[in-house]
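Every number here is computed from the coordinates shown, using simple stated rules; none is lab data. Since we're looking at a predicted model, the values are computed, not measured. Using ideal geometry, Cβ is built from the backbone for each residue, glycine included, and neighbour counts are taken over all protein chains shown.
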């Protein structure tokens with residue numbers, strides 16, 4: 001694919017780096033720009049109509065599974081050569097005591113000109129020339145004695161493989177004996193805060209005004225989708241998560257848009273949140289693992305619509321690191337990371353943040369990745385798990401409780417949980433949760449003539465599969481354990497491992513780690529003789 | 001019925017069971033028990049303190065590695081010197097909570113667990129006669145223990161509670177002081193071993209402890225010669 005490497009408009013580099021920008025600004029888009037200045041959005045109405053519940057979508061035609069390549073397809077067809085990182089800047093952490101002269105020298109070494117320190121960051125962003133190779137620049141800085149680490153700003157993405165909703169049951173909870181686990185610990189309480197660092201969460205109502213300023217195409221040689229100009233997008237809280245404005249949601253923050261409204265324009269984050277804390281025993285919908293906890297929505301992944309609307313930030317490693325630190329600083333006891341990347345090098349900036357969060361008392365669950373049938377590269381964010389007591393990398397099993405075909409294996413995999421395997425078991429072998437209605441979100445999947453703004457106020461029940469879906473089982477499980485009195489992240493990890501049901505080769509292995517989580521046995525603990 | 005009440009009833013029954021035949025002999029038996037030429041039947045009630053050999057396991061679950069016991073039994077003196085046989089039973093019952101054992105860290109989970117132990121001890125021994133101190137009767141015995149162990153907890157599923165009986169052995173030594181011909185008190189120490197009874201699961205497995213036995217110090221109130 002040969003496409004422009006980057007595009008600048010109105011003084012800012014466009015976040016949608018990979019979109020094939022053919023016509024630049026449309027007249028409509030340019031004409032309406034003042035209503036949504038720059039790469040920002042505007043809350044035009046704090047309330048909205050009640051959410052639409054479109055039920056179980058079991059009559060839809062099958063959808064192609066979404067993969068990493070799909071997640072990056074816009075970039076692949078766009079102006080960034082499909083690179084796994086952002087050009088024009090790198091992440092650097094200087095050692096304590098580094099002088100201003102040393103920082104200046106380091107900056108000059110990579111032809112950098114500015115250093116930016118954002119909130120919830122203990123590292124800096126150095127701007128480098130767009131033509132420079134960020135990996136080479138980071139490598140050069142790592143050679144300096146005053147640099148603790150340096151790395152490109154790798155992009156992260158959601159680790160799910162959504163598929164069609166066809167069947168109305170959640171096999172995943174009985175598979176790990178949750179009914180009896182809930183007898184012991186019924187859903188934890190609001191004392192436990194679980195941060196969901198993802199594509200956002202459908203946690204509030206309102207109408208946001210966005211500006212779609214570019215036309216793009218999804219595939220090389222495919223049709224162009226037009227710029228939509230200024231559009232108002234309605235949002236609603238997912239009915240099965242909690243009411244908009246309720247105390248169910250705490251300290252929301254959006255690192256993609258730099259504001260406190262981490263609404264979901266994708267569906268991934270809302271689905272993941274459902275598995276953690278879907279309202280349960282309410283006679284509606286489906287269940288969640290720890291259904292009484294409070295949810296902290298933290299948006300660190302850029303969805304397609306965020307790209308189309310030119311969000312100021314992408315889901316790069318520095319954004320992920322800031323999100324992790326933010327969650328830890330705002331009382332999260334559990335952090336769910338159903339995200340990651342398999343491209344690029346290590347992510348010391350994220351590892352540093354992970355250690356920080358665990359040190360603040362937060363347990364972390366991270367997806368191992370969905371690449372086993374695609375070369376099996378590891379999720380770079382999950383790789384440090386064995387070295388951090390209080391963080392686990394989670395693989396996925398299907399309904400037969402065998403490892404899912406996509407679940408990335410490796411020595412870093414520590415536990416397994418249900419993530420679904422629709423190749424082995426069909427659509428209903430996915431994980432069922434309520435999330436945004438994809439028909440009304442993914443309008444870019446329609447023919448161009450039917451393309452239009454999304455709606456984020458309609459919901460359906462979908463079966464998704466992926467280690468993204470396995471990870472929230474572990475996060476919810478951690479919340480239950482914490483409620484039961486196991487408060488240290490390291491103890492939570494140790495307990496989960498101790499009671500995991502061994503799978504595969506005897507003892508820990510690279511497919512299942514220590515085995516399939518066993519919440520009921522763990523929560524019940526040990527008696528004297530049994 | 002409370003635990004203390006059950007213990008009291010058990011002790012009274014034990015005494016009553018042997019009191020009548022013992023009393024019936026009072027008119028005819030003249031020889032000290034240690035040199036009886038006839039079968040001598042007596043009974044006793046017992047209280048004491050049992051310290052478990054698997055101390056760490058019991059301490060983790062119950063918060064203590066020892067506890068009170070109470071019981072009773074019957075003693076039959078045989079017409080062979082100081083030989084006697086003894087059958088007795090006692091009970092230990094205490095509540096605690098289930099835990100997680102993570103390395104050196106123990107985390108209580110707040111899930112109640114009840115442990116009840118009812119051993120039946122069958123012993124044979126010898127009572128020694130001290131001519132200068134006829135009211136003091138040292139004795140030693142040993143025998144078989146059938147150790148009933150019951151562990152129940154909230155949220156237990158089928159097969160998750162324990163209600164089993166294990167075999168073991170014990171050795172005992174003590175001294176009885178005859179207050180009257182028909183009434184005495186005794187102090188004794190007992191060592192019991194019940195190997196391979198636990199250790200297959202629970203904290204006993206985590207701590208690699210498998211013996212349900214232990215040592216106990218007991219006081220007896222004896223009735224009969």
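Among the residues of B:159-166, the average count of other protein chain beta-carbon atoms within 10 Å of the residue beta-carbon is 2. Subtracting the Cα-Cα distance of residue A:130 and residue A:46 from their residue separation scaled by 0.36 nm leaves 26.3 nm.
Give the relative contact order (percent, whole number) for chain A; include only Cα pairs under 8 Å separated by 6+ residues.
Averaging sequence separation for qualifying contacts and normalising by length gives 19 percent for chain A.
How many percent of all Cα-Cα pairs in the range A:371-530 sit more than 27 Å apart?
Details: 4277 of 12720 pairs.
So the portion of pairs separated by more than 27 Å is 34 percent.
Between residue A:139 and residue B:146, the modelled label-to-label distance comes to 7.8 nm, taking each label 7 Å out from Cα in the direction of the beta carbon.
For the range B:184-225, the residues whose amide N sits under 13 Å from a probe point set 7 Å from the Cα of residue B:38 along the beta carbon direction are B:225. Using C-alpha pairs below 8 Å separated by at least 6 residues, the relative contact order for the range B:137-225 is 26 percent. Compared with the direct C-alpha span, the chain from residue A:232 to residue A:108 gains 40.2 nm at full extension, assuming 0.36 nm per residue. What the Cβ-Cβ distance of residue A:376 and residue A:450 gives, at R0 = 41 Å and to the nearest 0.05, is a FRET efficiency of 0.60. Each label was represented as a point 7 Å from its Cα along the Cα-to-Cβ direction; for residue B:185 and residue B:129 these points are 2.6 nm apart.
Given axes a ≥ b ≥ c from the Cα gyration tensor, I'd like to know whether the range B:94-181 is rounded (a/c under 1.5), prolate (a/b larger than b/c) or oblate. Verdict is prolate for the range B:94-181. In this simple spin-label model, placing a label point 7 Å from the Cα along the Cα-to-Cβ direction at both residue A:502 and residue A:401 gives a separation of 1.5 nm. Please give the calculated 222 nm ellipticity per residue for chain A, where each DSSP H segment of at least 4 residues contributes -39500 (n - 2.57) and the sum is spread over every residue; nearest 500 deg cm²/dmol? When only DSSP H runs of four or more count, the value is -6500 deg cm²/dmol. Measuring r between the beta carbons of residue B:215 and residue A:180 and using R0 = 35 Å, the FRET efficiency lands at 0.35.
Among A:466-479, A:40-53, A:257-270, A:115-128, sorting by the average number of other beta carbon atoms lying within 10 angstrom of each residue, highest first, gives A:466-479, A:257-270, A:115-128, A:40-53. Counting every other Cβ atom within 10 Å of each residue's Cβ, B:118, A:358, B:185 order from fewest to most as B:185, B:118, A:358. Under the shape rule built on the C-alpha gyration tensor, where the axes satisfy a ≥ b ≥ c, the range A:266-327 is oblate, since a/c reaches at least 1.5 while a/b does not exceed b/c. Computed from the C-beta positions of residue A:281 and residue A:115 and an R0 of 41 Å, the FRET efficiency is 0.20 to the nearest 0.05. Based on alpha-carbon atoms, the Kirkwood radius and the radius of gyration of chain A give Rg/Rh equal to 0.96. Would the range B:89-132 count as rounded, prolate or oblate if I go by the C-alpha gyration tensor, calling it rounded below 1.5 in a/c and otherwise prolate when a/b exceeds b/c, oblate otherwise? Cα axes put the range B:89-132 in the prolate bin.
Of the listed peptides A:412-421, B:159-168, what is their order by residue-averaged count of other C-beta atoms within 10 Å, with the highest listed first?
Ranking, from highest mean packing down: A:412-421, B:159-168.
Report the antiparallel proportion of the DSSP beta bridges in the range A:154-295 as a percent, rounded to a multiple of 5.
75
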